[in-house]
Amino acid sequence: MLKIYHAPATRAFRVIWVCEELAIPYEIVPVDFSPAYRASPEWRAMNPVGKVPVMTDGALKMFESGAMMQYVLDRYGAGRLQPSPDSPDHALYLQWCWFAEATFSRPLGEMTNHRREFSPPLEKVLAEMARRASLSVAALDQALADRPYLLGDSMSAADISNAYVLRGYRRSVSEDLPTHVQAFFDRMTARDSYARTVVADRGAKIEP
Ligand SMILES: N[C@@H](CCC(=O)N[C@@H](CS)C(=O)NCC(=O)O)C(=O)O
């Protein structure tokens, strides 16, 4: 059984969403997200840089949410939510999956870290990171101008991954999204699997 070590609103959201979409069984293990716990030897043994999430599957223990998502698809997805490697869509599937974490999420994560570490935060840094995140939203808007999902008519895990990051963008930068991205976000968040993921996400809260 997959065990997903998670704290609310953190990146396991995208892995949980994939599991919910495909009805793959999993268990959530709530993690204390305090800096003190994440720096503890106990958590460092799970994630060497003290971040969340972590996922286990039997003897396997892994970090990096994008890799977890891909593992779940390859191991349990039976070909769903991703184009096969010999399909012409596969390269763009990889592109948009990596884009979500390596490009779009990055400035948003820096904004969160900056606000946590610096008081008062440097407004110039926040503004620059917001500008960078908005460039990613503009790229998504362009890609979605003539299609409901990033690869065309079929939803893939790349859509889930980017829709998760859009939640953070709405929280940290702006709730106003360009037209095509707004339609995409509405489409993605109307799914029953999204509603179940939101409930599972909230349930991972550890009361102080
Ligand atoms: N690329 C990693 C990023 C993990 C990450 O940054 N997690 C955040 C929560 S979503 C975290 O633990 N932040 C605390 C910190 O960086 O100090 C992944 O996708 O799993």
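The values are calculated or read from the model by the stated rules, or taken from the named source; none is laboratory data. None of these values were measured; they are calculated from a predicted model. Positions of Cβ are backbone-derived with ideal geometry, glycine not excepted, and every protein chain shown enters the neighbour counts. We work out accessible area using only protein heavy atoms, side chains counted, and drop any ligands, DNA or RNA first. Shrake-Rupley method; radii C 1.70, N 1.55, O 1.52, S 1.80 Å.
Side notes on the structure shown:
- Options 105, 34; residue that is among the hydroxyl-bearing types (Ser, Thr, Tyr), in the same structural domain as residue 166 (by TED's automatic domain parsing) and within 12 Å of the ligand (Cβ to nearest atom): 105
- Annotation: of all residues in the range 20-31 being loosely packed, with under 14 Cβ neighbours inside 10 Å and in a loop (DSSP other than H, G, I, E, B), the one that is nearest to the ligand (Cβ to nearest atom) is 25.
- Residues located in the range 106-149, provided they are hydrophobic (A, V, I, L, M, F, W, C) and more than 21 Å from residue 176 (Cβ to Cβ): 118, 122, 125
- Residue check for residue 50: without any contact (Cβ under 8 Å) to a residue 24 or more places away in the chain and open to solvent by 40 Å² or more (accessible area, probe 1.4 Å): no
- Check on residue 14, assigned to a helix (DSSP H, G or I), more than 14 Å from the ligand (Cβ to nearest atom), closer than 22 Å to residue 155 by Cβ and at pLDDT 95 or above: no
- Residue 147 being open to solvent by 30 Å² or more (accessible area, probe 1.4 Å) and in contact (Cβ under 8 Å) with a residue 12 or more places away in the chain: no
- Members of the range 128-139 that are within 19 Å of the chain's Cα centre (by Cα) and open to solvent by 30 Å² or more (accessible area, probe 1.4 Å): 129, 132, 134, 135, 138, 139
- Residues located in the range 147-164, provided they are touching a strand residue (DSSP E or B) at 6+ places or on another chain (Cβ under 9 Å) and not polar (S, T, N, Q): 155, 158, 159
- Lone qualifier among 142, 182 - being loosely packed, with under 13 Cβ neighbours inside 10 Å, without any contact (Cβ under 8 Å) to a residue 60 or more places away in the chain and out of contact with any Gly (no Cβ under 8 Å at 6 or more places or on another chain): 142
- Counting the residues of the range 81-102 that are in contact with a helix residue (DSSP H, G or I) (Cβ under 6 Å, 6 or more places away or on another chain) and either open to solvent by 60 Å² or more (accessible area, probe 1.4 Å) or within 24 Å of residue 172 (Cβ to Cβ) (or both) gives 4.
- If the condition is being among the acidic types (Asp, Glu) and away from the ligand (no atom under 14 Å from the Cβ), then the range 108-130 contributes 123, 128.
- Residues in the range 1-18 that are aliphatic (A, V, I, L, M) and either out of contact with any Pro (no Cβ under 8 Å at 6 or more places or on another chain) or without any contact (Cβ under 8 Å) to a residue 24 or more places away in the chain (or both): 9, 16, 18.
- The range 37-53: number of residues that are within 9 Å of the ligand (Cβ to nearest atom) and either within 19 Å of residue 20 (Cβ to Cβ) or assigned to a helix (DSSP H, G or I) (or both): 3
- Search result, residues across the range 68-80 that are open to solvent by 50 Å² or more (accessible area, probe 1.4 Å) and within 14 Å of the ligand (Cβ to nearest atom): 71
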